[in-house]
Amino acid sequence: MHMIKLFLFIVPLVISSKIDRDYSSYDSMSPEPKSRFAMLDDVKILANGLLQLGHGLKDFVHKTKGQINDIFQKLNIFDQSFYDLSLQTNEIKEEEKELRRTTSKLQVKNEEVKNMSLELNSKLESLLEEKNLLQQKVKYLEKQLSSLTKNQPEIQEHPEVTSLKNFVEQQDNSIRNLLQTVEEQYRQLNQQHSQIKEIENQLRRTGIQESTENSLSSKPRAPRTTPFLHLNETKIAEHNDIPANCTTIYNRGEHTSGIYSIRPSNSQVFNVYCHVKAGSSWTVIQHRIDGSQNFNETWENYRYGFGRLDGEFWLGLEKIYSIVNQSNYILRIELEDWKDNKHYIEYSFHLGDHETNYTLHLAEITGNVPNALPEHKDLVFSTWDHKAKGHVNCPESYSGGWWCHDVCEENNLNGNYNKPRAKTKPERRRGIYWKSQNGRLYSIKSTKMLIHPTDSESSE
């Protein structure tokens, strides 16, 4: 622009100088002839102005091209950002569809549980009616029997009455078992309702946050504890008496691993996972495979159990105590590292009750991995919200409930589940690990803890 202004300034000067020279020639009336090269200086000045104008235009064109390139780069960046945003929006929509499908499945299961509950209620009512009828018949027979015994005291009790009494007792036991099953069904129904509500809340949160940028990286938090008792998946041995452990179930002919109902002595009915191996059946009390279940739970949850019997779970200290309190038991720990190497170790053990904080006393029997747990010592179970008096508070730095003595042991199979190659030592400490007494640390991918009566031999 400056060059154009200079050119516009120079051209009038050149023209005016030419006109002045023409007029002066007429006024002087000089007899000398006019030179042919009188205009050369003007031409040079004009050419120089045009050259400078050309350079100015060239600089202006380069500057304009640079500005246009910057505009195109910004447009490309905007297009890429818009494309990434559309991809993330599509991912959120897919997640929402998946959540809706999960909600539909849970609703179907909820209806199935409701139908099962109604069927059980109808069966229970029919059994109660039969019980009342039988009781009336028994009372009538007892009256007749009492009259007969008065007349003929030497006559023994009629076999029909004895059989009826036995039948009534069996019916009472069946009704009690059905009542427990119905209560279990109602508990599962409530848990299903809570799961559906949680997923519906997640769907609502996803719908609200879909239009914001922060929602692109947000993920709904999984519930801490999931139910693990599903009666439609349970294999209950068809006997009048519910077995006391998995070994009894195996001896009755059930030779398949799965979920069964047991009732130890002085205990209620509950479900366990029976693992069949080497001609016997073991009761699984702990199982971890992929870190899907949070094990940094409260004292109450460790006492009564959490998780799913067909996945990751902790059976519960109260249930474990009710099983092992019947006789002497063996504790077997199975470990698998990230190279798929399998290890095991077995202990004879004694477990205390609630008043002793479920104190554990171990003595090694056999195994193919170095021992890592203290032997012949009282190991007290602790969680982050329940500390035994006189013992170190390990769960604050070691996640998950576990047995400990006077120091924080370098083993916690209920610790936080981490992938291998942990970057920092504290993060590594919070993972699943097995540190032997010789100092070797095993990074564990899956764990399983099983118990079995000592009256039959264990094997690999």
* Write out, first by first residue and then by second, each pair whose Cβ atoms fall under 7 Å of each other, whose residues are 6+ apart or on separate chains, and whose first residue, in the stretch 235-257, is at pLDDT below 90 while the second is crowded, with 19+ Cβ neighbours inside 10 Å and not in a loop (DSSP other than H, G, I, E, B). => K235/I259; K235/Y260; I236/Y260; I236/S261; A237/I249; A237/Y260; I242/S261; I242/I262
* **Inter-residue pairs, beta-carbon under 8 Å, first touching a residue at least 12 places away in the same chain (Cβ under 8 Å) and on the phi > 0 side of the Ramachandran plot and in the stretch 363-389, second surrounded by 19 or more Cβ atoms within 10 Å (Cβ to Cβ) and among the charged types (D, E, K, R), 6+ apart** => G367/E346
* First in the stretch 287-302 and free of Cβ contacts under 8 Å to residues at least 24 places away in the same chain, second anywhere and surrounded by fewer than 22 Cβ atoms within 10 Å (Cβ to Cβ) and outside any loop (DSSP other than H, G, I, E, B), Cβ under 6 Å, 6 or more apart -> none
* In the stretch 300-352, how many residues are surrounded by fewer than 19 Cβ atoms within 10 Å (Cβ to Cβ), part of a helix (DSSP H, G or I) and in contact with a Lys or Arg (Cβ under 7 Å, 6 or more places away or on another chain)? -> 1
* To do: Would you please list the contacts, defined by Cβ atoms under 6 Å and residues six or more apart or on different chains, that run from a residue in the stretch 40-61 that is of a type in the set (V, I, T) to a residue that is open to solvent by less than 90 Å² (accessible area, probe 1.4 Å) and at pLDDT 90 or above?
  => none
* **Condition check for S194: at pLDDT below 85, closer than 23 Å to E119 by Cα and of a type in the set (G, A, S)** => yes
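The values are calculated or read from the model by the stated rules, or taken from the named source; none is laboratory data. Remember, predicted model here, so these are calculated numbers, not experimental data. Glycine gets a Cβ as well: all are built from the backbone with ideal geometry, and neighbour counts include every protein chain shown. The accessibility values were calculated without ligands, DNA or RNA, using every heavy atom of the protein model including side chains. Shrake-Rupley method; radii C 1.70, N 1.55, O 1.52, S 1.80 Å.
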